[in-house]
Amino acid sequence: MIWDTIFFIILPYIAFSLAIAVGIYRSIYRPFTVTSLSSQLLERKKLYWGSISFHYGLVTILLAHLYALTLPKSVLWWNSVPIRLYLLELTGLALGIFAFVGICILLWRRFSEKRVQAVTTPMDIVVLVLVFISILTGILIASLYRFGSSWFTVIFTPYILSMFAFKPNVGLVAPLPWLIKLHVINFFIMVAVFPFSRLIHIFTYPFQYLYRPWQIVIWNRKVKSAKKLSSAQGK
Amino acid sequence: MNVRAHMSMIFHLDKCIGCHTCSIACKNLWTDRKGAEYMWWNNVETRPGTGYPTQWEDQERFKGGWVWDGKKLNLRLHSRLGGLMKLFYNPPLPKIDDYYDPFTFQYSDLFNAPLGDDQPTAIPISQITGEPMEIKTGPNWDDDLGGSSTYAWNDPNLSQLPESVRIQMQELEQIVFNYLPRICNHCLNPACLAACPSGAIYKRVEDGVVLVNENKCRSWRMCIAACPYKKVYFNWSTGKSEKCILCFPRLETGQATACAHSCVGRIRYLGVLLYDADLLPQTAMVSDEQLIEAHRSVILDPFDPEVIASARANGIEDSWITSAQDSPAYKFVKLWGLALPLHPEYRTIPMMFYIPPLSPIVSVIEEDLYRLDVSDEMRDFELFDRLDKARIPIKYLANLFSAGNESAIRPIIRKMLATRIYMRHKSVDGVIDDKTLALLNDAGTNPEEVEAIYKLTTMPNYKEAFVIPEYHRETAIEAWDDPLAHKGDTGFGFIQPPHRGG
Ligand code: SF4
């Protein structure tokens with residue numbers, strides 16, 4: 001179908017190209033705009049309840065998605081024992097609800113706090129709504145179409161692989177119910193929005209802090225490089 | 001030995017009149033922008049008092065600085081992993097109300113109000129939301145004690161004073177306060193820098209200025225909590241950290257910093273200190289009692305041939321070495337031992353120094369009349385010998401400037417008193433008697449030193465107060481560009497406005 005081609009072939013290719021190209025451009029040429037735009041200084045009570053649950057819930061679930069995509073066999077192996085399957089599904093659902101509560105508080109905070117409104121851009125709202133849809137549809141799918149952790153691996157891993165191989169196999173996702181399709185399309189839109197929004201802070205998570213030296217000193221007078229330069233120029 | 005140079009400022013608290021000219025000069029130059037309204041890179045506090053942001057010295061709450069556990073120096077704020085876990089929400093970060101809700105007034109009301117019986121007024125509005133607001137506090141709400149004892153007695157530095165002293169300080173005829181101007185201390189072991197997960201903060205080697213690279217700052221805001229002096233601020237509009245830059249564009253062009261330049265009391269001095277980077281951070285890894293001594297020992301004698309040789313080996317120009325020899329900072333900190341760092345127990349090794357204030361003489365009320373507590377002829381010597389009678393308790397000054405160590409404060413106050421007594425006898429009586437000379441001796445000083453202290457304290461000219469070396473920026477530019485081409489290009493380029501990212 002034409003719609004499936006648009007949403008599951010054209011949209012993801014555009015979205016990921018944008019994310020990569022604009023993301024790199026922005027990090028190099030507009031580094032000042034790359035920030036997580038914290039508003040904790042202005043409001044902290046609602047942020048405490050919203051931000052922590054949202055981030056920890058969502059990050060874990062995202063990593064789980066990524067894991068299932070890359071190592072589907074191990075997930076299927078784990079799920080081969082029913083009790084383990086229930087455990088996994090329940091944990092996933094609980095984390096989803098945790099993140100959902102978080103995003104609801106964050107949305108409420110955006111609209112109820114005058115000071116937060118003062119720093120809210122339209123893009124902030126777009127991001128919050130997209131994330132809200134994503135988590136809501138995710139929770140609904142987890143409860144309506146069991147057991148996601150198993151069927152996800154047999155449908156989406158091959159689909160993603162076919163996309164990577166530039167031989168998209170849209171037949172895999174075409175028969176899915178509209179709710180699942182919405183979840184996926186919404187994700188692609190988020191990917192497209194990613195480089196233009198505060199979402200870009202995801203890729204600046206400072207792992208280097210674990211090993212960098214405590215203190216950083218920088219010479220302004222780069223005597224050595226200056227000498228190198230002048231000898232290279234034959235001066 | 002690894003010799004580096006540092007631009008340092010001396011604050012002579014005995015001279016500060018609390019006029020806030022310095023704060024205004026700084027504000028007009030650097031922080032008169034959206035998102036920065038509430039920032040005062042330079043602020044002046046009344047002490048005793050709670051300061052700005054309110055009770056910033058309460059490190060139990062704000063978790064600033066370093067903790068020395070006998071083996072390791074740890075950030076009070078977080079471990080490395082702990083820091084990464086707290087990026088989403090950082091409990092010790094002060095909220096805007098710990099500073100104040102920045103306000104302005106709706107001046108247009110004065111022009112647009114309809115004709116009426118009353119004078120129109122300009123109502124206060126918040127600079128964040130633009131909504132009308134009630135002003136509840138400000139950056140100097142407790143200026144001159146704020147007309148009440150409520151603020152002063154919440155000063156964290158008073159907590160360790162004996163109850164009797166505190167009660168005594170509240171009595172009307174005993175009430176005393178002094179001013180404490182504060183800028184970023186451009187520390188040798190900055191906690192803000194160590195706490196930044198992105199590594200966006202750095203210290204310039206050539207003059208020690210600590211700067212935030214705005215392009216690398218990712219709004220993780222750990223520096224704001226980690227700085228024990230609360231001198232890194234969060235711009236709520238751009239989502240980036242900002243701090244005092246020691247007016248480096250002014251220093252690089254041979255001008256004193258805006259705060260120092262505009263200082264009405266002429267309390268500020270600027271000069272180069274040479275220090276030994278090899279001693280860092282061990283200097284901060286000693287017990288509280290040894291901190292001041294260790295701190296002084298990092299600062300090197302710029303006349304020592306060995307120091308000069310290794311300074312040259314490190315690429316420090318001769319003009320900087322001469323500048324360090326003339327430096328008022330060197331004289332006050334090292335030569336005369338009069339200046340101390342603010343709260344050395346935070347172990348960031350701050351590089352701005354304070355000369356503690358002298359106290360007014362104690363008075364008593366007798367038959368409803370004020371009378372000095374000492375006889376006229378004994379006045380000078382009495383206070384000199386009875387420092388514990390000083391209206392500003394020595395212990396209080398020690399809590400501010402020497403980690404509670406009174407023995408670091410006493411010699412300074414005694415030397416300053418000796419200077420005052422000596423100069424009074426010299427200029428009023430015209431002769432110096434043996435008693436005064438014995439007193440100088442007692443204070444560990446001599447007539448030459450005292451005269452030099454007097455001269456630099458009371459009447460330095462611009463060049464003596466601000467000894468600013470040549471920065472030779474052209475040699476730095478050579479590293480990436482032809483200096484002449486660079487000069488010709490000035491003004492032609494593109495600047496991206498600091499707008500809030502998407
Ligand atoms: S301008 Fe000078 S005298 Fe006035 S408050 Fe500032 S430091 Fe003190």
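The values are calculated or read from the model by the stated rules, or taken from the named source; none is laboratory data. In this text, all values refer to a predicted model and were calculated from it rather than measured experimentally. A quick note on method: Cβ atoms are made from the backbone with ideal geometry, for glycine too, and the neighbour counts reach across all protein chains shown. These accessible areas exclude ligands, DNA and RNA; they are computed on the full protein's heavy atoms, side chains included. Shrake-Rupley method; radii C 1.70, N 1.55, O 1.52, S 1.80 Å.
Condition test on B:T257, is it more than 16 Å from the ligand (Cβ to nearest atom) and not hydrophobic (A, V, I, L, M, F, W, C)? Here the answer is no, as B:T257 does not meet what is asked. Of the residues in region B:207-222, none is more than 7 Å from every other protein chain (Cβ to nearest Cβ), in a loop (DSSP other than H, G, I, E, B) and within 18 Å of B:E57 (Cα to Cα).
When B:V431 is tested against (1) modelled with pLDDT of 90 or more; (2) more than 28 Å from A:W219 (Cβ to Cβ); (3) aliphatic (A, V, I, L, M), only condition (1) is not met.
So which of B:T457, B:T436, B:T419 ends up being in contact with a helix residue (DSSP H, G or I) (Cβ under 6 Å, 6 or more places away or on another chain), touching a residue at least 24 places away in the same chain (Cβ under 8 Å) and either open to solvent by 30 Å² or more (accessible area, probe 1.4 Å) or hydroxyl-bearing (S, T, Y) (or both)? Of B:T457, B:T436, B:T419, the one residue that is in contact with a helix residue (DSSP H, G or I) (Cβ under 6 Å, 6 or more places away or on another chain), touching a residue at least 24 places away in the same chain (Cβ under 8 Å) and either open to solvent by 30 Å² or more (accessible area, probe 1.4 Å) or hydroxyl-bearing (S, T, Y) (or both) is B:T419. The residue of region B:162-189 that is farthest from the other protein chains (Cβ to nearest Cβ), among those that are in a loop (DSSP other than H, G, I, E, B) and open to solvent by 20 Å² or more (accessible area, probe 1.4 Å), is B:E171. Of the residues examined, B:Y100 is not one that is among the aromatic types (F, W, Y) and in contact with an Asp or Glu (Cβ under 8 Å, 6 or more places away or on another chain). Criterion first (away from chain A (no Cβ under 14 Å), under 25 Å from B:R33 (Cα atoms) and among the hydrophobic types (A, V, I, L, M, F, W, C)) does B:A260 satisfy it? When the stated conditions are applied, B:A260 passes them.
If only residues of region B:281-293 that are closer than 19 Å to B:Y330 by Cα and surrounded by 18 or more Cβ atoms within 10 Å (Cβ to Cβ) are counted, the one that is nearest to the ligand (Cβ to nearest atom) is B:I292. Just to be sure, is B:G65 within 14 Å of another protein chain (Cβ to nearest Cβ), in contact with a His (Cβ under 9 Å, 6 or more places away or on another chain) and either open to solvent by less than 70 Å² (accessible area, probe 1.4 Å) or under 28 Å from A:L106 (Cα atoms) (or both)? Against the criterion (within 14 Å of another protein chain (Cβ to nearest Cβ), in contact with a His (Cβ under 9 Å, 6 or more places away or on another chain) and either open to solvent by less than 70 Å² (accessible area, probe 1.4 Å) or under 28 Å from A:L106 (Cα atoms) (or both)), B:G65 qualifies.
Against the criterion of being under 18 Å from the mean Cα position of the chain (by Cα), aromatic (F, W, Y), open to solvent by 20 Å² or more (accessible area, probe 1.4 Å) and farther than 26 Å from A:I9 by Cβ, A:F98 qualifies. Among the helices (runs of 4 or more DSSP H) confined to region B:229-337, the ones with at least 2 residues that are touching a Phe, Trp or Tyr at 6+ places or on another chain (Cβ under 7 Å) and not aromatic (F, W, Y) are located at B:318-326.
If we keep just the residues of region A:140-192 that are of a type in the set (S, T, N, Q) and in contact with a helix residue (DSSP H, G or I) (Cβ under 6 Å, 6 or more places away or on another chain), which is most open to solvent (accessible area, probe 1.4 Å)? Step by step, filter region A:140-192, then rank; the result is A:N169. Condition (residue is over 30 Å from B:P91 (Cβ atoms), open to solvent by 20 Å² or more (accessible area, probe 1.4 Å) and not in a helix (DSSP H, G or I)) applied to region A:21-30: is it met by at least one residue? So far as region A:21-30 goes, yes, one or more of its residues are over 30 Å from B:P91 (Cβ atoms), open to solvent by 20 Å² or more (accessible area, probe 1.4 Å) and not in a helix (DSSP H, G or I).
The residues in region B:436-494 that are part of a strand (DSSP E or B) and modelled with pLDDT under 95 can be counted, and the count is 0. When B:H12, B:H78 are checked against the criterion of being more than 16 Å from the ligand (Cβ to nearest atom), on the phi < 0 side of the Ramachandran plot and touching a residue at least 40 places away in the same chain (Cβ under 8 Å), B:H78 stands alone in meeting it.
For region A:44-76, filtered to residues that are among the basic types (K, R) and within 24 Å of B:R221 (Cβ to Cβ), the residue that is least open to solvent (accessible area, probe 1.4 Å) is A:K46. Residues of region B:39-65 that are within 28 Å of B:Q170 (Cα to Cα) and away from the ligand (no atom under 16 Å from the Cβ): B:P48, B:T50, B:P53, B:T54, B:Q55, B:W56, B:E57, B:D58, B:Q59, B:E60, B:R61, B:F62.
Of the residues in region B:236-249, at least one is crowded, with 17+ Cβ neighbours inside 10 Å, within 14 Å of chain A (Cβ to nearest Cβ), within 16 Å of the ligand (Cβ to nearest atom) and within 30 Å of B:G18 (Cα to Cα). Pairing each residue of region B:16-44 that is touching a residue at least 40 places away in the same chain (Cβ under 8 Å) and hydroxyl-bearing (S, T, Y) with any residue that is near the ligand (Cβ under 9 Å from one of its atoms) and part of a loop (DSSP other than H, G, I, E, B), provided the two are 6+ apart or on different chains, yields C-beta distances under 7 Å for B:T21/B:C263; B:T21/B:V264; B:S23/B:N42. Out of the residues in region A:109-139 that are touching a Leu at 6+ places or on another chain (Cβ under 9 Å) and of a type in the set (G, A, S), state the one that is surrounded by the most Cβ atoms within 10 Å (Cβ to Cβ). My answer is A:S134. Taken together, the criteria exclude A:L106 from residues that are surrounded by fewer than 19 Cβ atoms within 10 Å (Cβ to Cβ) and not hydroxyl-bearing (S, T, Y). Check region B:108-117 and report whether any residue there is away from the ligand (no atom under 16 Å from the Cβ), at pLDDT 95 or above, of a type in the set (G, A, S) and over 28 Å from A:F207 (Cβ atoms). No, there is no match, as no residue in region B:108-117 is away from the ligand (no atom under 16 Å from the Cβ), at pLDDT 95 or above, of a type in the set (G, A, S) and over 28 Å from A:F207 (Cβ atoms). Only one of the listed residues (B:Q127, B:Q55) is open to solvent by 20 Å² or more (accessible area, probe 1.4 Å), more than 10 Å from every other protein chain (Cβ to nearest Cβ) and closer than 29 Å to B:S219 by Cβ. That residue is B:Q55. Pairing each residue of region A:192-213 that is facing chain B (nearest Cβ under 8 Å) with any residue that is open to solvent by 30 Å² or more (accessible area, probe 1.4 Å) and not in a helix (DSSP H, G or I), provided the two are 6+ apart or on different chains, yields C-beta distances under 6 Å for A:T204/B:R218. If the condition is being buried (at least 21 other Cβ atoms within 10 Å of the Cβ) and near the ligand (Cβ under 9 Å from one of its atoms), then region B:15-38 contributes B:C16, B:C22, B:S23.
For region B:95-103, indicate whether the set of residues that are more than 16 Å from the ligand (Cβ to nearest atom) and hydrophobic (A, V, I, L, M, F, W, C) is non-empty. Checked region B:95-103: at least one residue is more than 16 Å from the ligand (Cβ to nearest atom) and hydrophobic (A, V, I, L, M, F, W, C).
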